[in-house]
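Worksheet: one structure, shown below.
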Amino acid sequence: MLERFIESFSRAVTGEMEAMRQRIGPYEIRVAEGESLQSGSGREDSVGEDRFLYAFRVLQPNDKLVQGGECNLVTETSDDLVSILSIKADQIVLSSSRPIDLPGSGQAMLVIYPWFLYEKLLSSLRALGDSDAFHTDTALALFGKKKPRKLPIYFVDAELPPSLNESQKQAVQLCRQVTPAFVWGPPGTGKTTTLGHIILSLLRLGQRVLVTSTTNAAVDQALSSFAELSDGRAAIDRGGVVRLGQTQADTCGAGLLEVVEIRFAEVNDRLVHLDARRSGMLQQIARGKLLLAQLESEEHPTQLGLFESAAMVDTDPRQLTALFSDNNARRLAALSTEAQRRAVEQRLTRLDQAARLCLDRRRSLQNGLRHQQGVVVSEARLMLATMTNVYMSSLLEGERFDAVIVEEAGMATLPTLFYCACLGSKRAIMVGDPQQLPPIVQASDAFVQRAMGRSIFQITVPEPQVSDLVVMLDTQYRMHPDIGNLVGGLFYNGRLQQGDNTKGNERIAAGAPGPGAAIVVVDTVRTATCEIPSGSYSRFNEIHAQLTVDMASQAVDDGATSVAIIAPYVEQVRRIGKLLSAAPRLAEYVECRTVHRFQGGERDIVIFDTVDCDPLPPGRLLSGKSPGSSAPNLINVSLSRARGKLIIVADVSYFRRHDPSGIISQVLAAAQVSATVINP
């Protein structure tokens, strides 16, 4: 059975790689301030071969940068394959097999071919055949091929805090008692808060835990939730929690290099001391070179006569004290220009040698710290990393855990999820929402879509509302009750209750547009036109684009500071973005993105632009009629990002005529029950 899984997943990943090569190009990431990190041969013990190291500053964060990954470093004169040795905040260290001529500006481009990540995933999947090194039974149970297991509880955890509601407490208990376990977290139900308590509960059971997800944002939110708990904060302070990988978010002191620096503070202090010494030497060298140039210009090149003495220069001793002690500076000031020049040259040679020794010593200490990274990772009780880092990072290659928790599990591709589950010996816990966005897959091939484009909820718990492996968090605290009831009635069978959160949301709903209404339907009533630009599959609607910006402008004029415009089509987002850029006063408060970019986010006001109208038929993004259509998930995510006001821009009669039973028609019909309807 394991061999069939590996074979099927390998075939699907190979098909997805081919689709990526055909449909999307490489990612380009600008870097600057490049510098070489060593002199001499560049021998790098931690790599195991002659390597040359370079440091750069990443100008814009990117999830595609993964420690252990490979990419091309493109400068003005070269194009070299490099490995990503380490990432800390916006600093990246690259390793090359040969010296690279860095441009004077220090600027370069990292070119990442996204299918490279899948090549590494393929090799990781094939390694699963060595079943003794992996816990494949955990993965097979997660995929429904082995029976779920009840787990012994050796002691009863302290009573869960009263701040958790009953469904949240049930979710924590489920994750302690059975594997696999699924926590179904509709929007605004405190899924991340519950996850923090699940992690803490497992650590109290003596478990070693891996928390992973498809995005850095989800991993960061899980860490933040855990750090807010007093015992979680204490675990971080003890150095037992490690956040692996690049992130711009606050790592709460759990970043890998932060933990290494704290645990090996003496080495870090020596590095700081070496940096200060080398910096001082480089300043001396710079001043010495200026003095040397001055001395050389003052020497007389003409041949001395029989009775002439060597030329003298009236050198200010203060100039020489930049390189020599006060006594030596005064003594040298009385000598000839030639004697001064020789002394300065000798001093510069010694300073250069000393600066190189500092650099070599610093590199040796850094190599030691890199070795200690492996020690810190192997001793961590809680590890947090993206799923890409889980199979890419050499630091995690031999690590195994008692429990593997996947946040936003519904968005994870099945092959990646299977591999991650194989790292857990006792538990696999899936946290997510089957009613939100599924994995993103480029290939249209039916086999690839089936093997990679479905959610793990579809595979194992296709009817989550009646499964013993699932607890649904049933009380939402994000949305205005009118919005919560709309979302709960359409997508959660009316099971979503409304928490006590009306105070702040009523204030948002009171503002424009549609003052006093939490839901506003802007009905364009056959006044707009939907088009597809030449050479594209995406859609745009100029009238809708202008309307959404007008609505956002009204909201901002009335004091709104958190506004999202969401559209299902990239072309529409691009056109709305151009309109927003022409109105700089909106830029600080209004963001326009496709639905996928807002998964997991929330805003005070959300403007959902449906785009579709005559003369085109409804697009599959909003009214997909196939059994596996993600249209309901896409619409659910769009609506549920709103805290206090939801504005839907749509030609209502168009959808009623073309798709009367479709999900978008159901949304518009339900929304109009409590909505303010505007006809522009």
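Observations, loosely collected:
- Residues CYS358, CYS420, CYS613, ranked from the fewest to the most other C-beta atoms within 10 Å, line up as CYS358, CYS613, CYS420.
- With both labels modelled 7 Å from their Cα along Cα-to-Cβ, the GLN91 to LEU160 distance reads 4.2 nm.
- Per residue Cα convex hull volume in Å³ - calculated over the range 26-113: 88 Å³
- Efficiency of FRET between SER467 and ASP250 - r from beta-carbon atoms, R0 41 angstrom, step 0.05: 0.70
- For the chain, the fraction of alpha-carbon pairs in successive 10 Å shells from zero, as %: 3, 13, 20, 21, 18, 11, 6, 5, 3, 1, 0, 0
- Three-way shape label, the range 476-678, alpha-carbon gyration tensor, a/c 1.5: oblate
- Sum of side-chain charges, LEU323 neighbourhood, beta-carbon under 11 Å (Lys, Arg +1; Asp, Glu -1): +3
- FRET E, pair ARG350, GLU602, Förster distance 60 Å, beta-carbon r, rounded to 0.05: 0.45
- Added length on full extension, which subtracts the Cα-Cα distance from 0.36 nm per residue, GLU3 to LEU282: 94.5 nm
- For the chain, the longest principal axis of the alpha carbon atoms and the long axis of helix 265-298 meet at an angle near 50°.
- With each label modelled as a point 7 angstrom along the Cα→C-beta vector, the ASP137-ARG57 pair spans 5.3 nm.
- DSSP beta bridge pairing in the chain, given as percent antiparallel to the nearest 5: 40 percent
- Label zone at THR14, where the point sits 7 Å out along the Cα-to-Cβ direction: the range 120-144 residues whose backbone N lies under 13 Å: 122-123, 126
- Look at LEU271, LEU384, LEU396 and count the other Cβ atoms within 10 Å of each Cβ; fewest to most, that gives LEU271, LEU396, LEU384.
- Among the chymotrypsin sites (Phe, Trp or Tyr not before Pro) in the range 518-577, those located in a DSSP loop and surrounded by at most 10 other Cβ atoms within 10 Å of their own Cβ are TYR537.
- Order by protection proxy (mean Cβ within 10 Å, highest first), peptides 246-253, 103-110: 246-253, 103-110
- Averaged over residues, the count of other Cβ atoms within 10 Å places the peptides 641-647, 373-379, 541-547, 140-146 in the sequence 641-647, 541-547, 140-146, 373-379, highest first.
- Compared with the dominant Cα axis of the chain, that is its longest principal axis, helix 570-581 is turned about 60°.
- Stretch gain in nm, segment SER536-VAL74, where the contour uses 0.36 nm per residue and the Cα spacing is subtracted: 163.3 nm
- The amide H of GLN91, built 1.01 Å from its N in the peptide plane, has VAL58 as neighbours under 5 Å, considering only residues 5 or more places off or on other chains.
- Across the range 221-271, Cα pairs under 8 Å and at least six residues apart give a relative contact order of 28 percent.
- Inter-label distance, GLU506 to LYS120: 5.2 nm, where each label sits 7 Å from its Cα along the C-beta direction.
- Computed lengthening from ASP360 to LEU151, 0.36 nm per intervening residue step minus Cα-Cα distance: 70.0 nm
- Taking other Cβ atoms within 10 Å as a rough exposure proxy, PHE401, PHE116 sort from fewest to most as PHE116, PHE401.
Just so you know, all these numbers are worked out from the coordinates, no wet-lab data involved. Every value quoted in this text rests on a predicted model; they were computed, and no experiment measured them. Cβ: placed from backbone, ideal geometry, glycine included. Neighbour counts: every protein chain shown.
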